[in-house]
Amino acid sequence: MAHTRSPETSPPGPIPAPIDSGGSGVTGPGGSDAPDPRVFGCPNAVAACFEEPAAVFVFSGPDHVFTAVNRAARAMIGPDREVVGRRYREAIPESAGQRMAELLDDAYKTGSPVSGQEWRVLLDNDADGELEELYLTFTVVPIRDADGEVTGLVAHVLDVTPAVCARHAAEAQATAFENRYGLFVQAAFGIDQC
């Protein structure tokens with residue numbers, strides 16, 4: 001049975017045209033500052049949600065064409081990288097082999113949300129040709145039309161790199177301490193610890 005939504009929550013028609021919120025918020029058609037008629041509810045509240053600290057990516061179609069990204073998303077993938085209107089695989093070519101495109105494929109095909117915790121991803125986010133290591137926690141949810149068919153995806157992504165790196169450093173420090181302690185006990189008391 002197809003999933004349906006009530007008229008109050010169901011967006012009319014196909015996926016909206018690209019929206020680029022690289023500026024101060026969600027912009028209307030053609031980049032105007034006029035309220036966007038495709039946004040339901042209070043436009044300022046929607047814009048505030050879109051400009052949260054998490055990266056938000058909106059994709060349309062089975063090829064995952066970027067239709068919107070927020071400021072945090074631009075910072076994550078590279079502020080100078082033009083992705084709106086481009087397919088994920090061509091816009092982020094270094095993601096090949098990192099299972100992100102396949103994850104988007106799975107979410108689109110199954111119509112089920114997917115998520116990941118602390119996924120290690122390598123991105124060239126400053127366009128210098130060198131890949132930077134990021135750890136991302138994310139949820140990808142399908143966008144459905146009025147008939148319940150999947151027409152796109154929304155990805156909500158948190159960069160948890162600082163927390164993961166801090167934990168890795170603390171774990172390395174704890175391991176080093178345990179090793180030093182074991183050597184001390186062995187030297188002081190002649191006890192071989194297991």
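Under 5 Å from the amide H of G152 lie the amide H atoms of G61, I143, each residue being 5 or more positions distant or on a separate chain, with H modelled from the backbone and absent for Pro and chain starts.
Taking the inverse of the mean reciprocal distance over all distinct Cα pairs, the Kirkwood hydrodynamic radius of the range 114-194 comes to 16.8 Å.
Once the Cβ-Cβ distance of A96 and A188 is raised to the sixth power relative to R0 = 45 Å, the FRET efficiency obtained is 0.25. If only the Cβ of Lys and Arg carry +1 and only the Cβ of Asp and Glu carry -1, the dipole of the range 78-130 around its Cα centre is close to 360 debye. For the range 101-133, the set of GluC sites (Glu not before Pro) satisfying both a DSSP loop assignment and a count of at most 15 other C-beta atoms within 10 Å is given as E130.
At an R0 of 30 angstrom, the distance between the Cβ atoms of V141 and E178 translates into a FRET efficiency of 0.10. With just the Cα atoms defining each centre, how far is the range 124-188 from the range 47-111? Give it in Å. Going from one Cα centre to the other spans 18 Å.
At a 1.4 Å probe, what is the % contribution of carbon and sulfur to the accessible area of the range 49-90? Heavy-atom surface of the range 49-90 belonging to carbon and sulfur, 1.4 Å probe: 56 percent. Size descriptors for the range 64-104 (Cα atoms only): Rg and Dmax, in that order, 9.9, 26 Å. Using θ = phi - 60° in the Karplus curve 6.51 cos²θ - 1.76 cosθ + 1.60, the 3J(HN,Hα) couplings for the range 112-126 round to 10, x, 10, 8, x, 10, 6, 6, 7, 10, 10, 10, 8, 7, 10 Hz; x is entered for Gly and Pro.
The values are calculated or read from the model by the stated rules, or taken from the named source; none is laboratory data. Predicted model only: the values in this text are computed from it and were never measured. In this analysis, Cβ positions are derived from the backbone assuming ideal geometry, glycine residues included, and neighbour counts consider all displayed protein chains. Note: areas computed on protein heavy atoms with side chains; ligands, DNA, RNA excluded. Shrake-Rupley method; radii C 1.70, N 1.55, O 1.52, S 1.80 Å.
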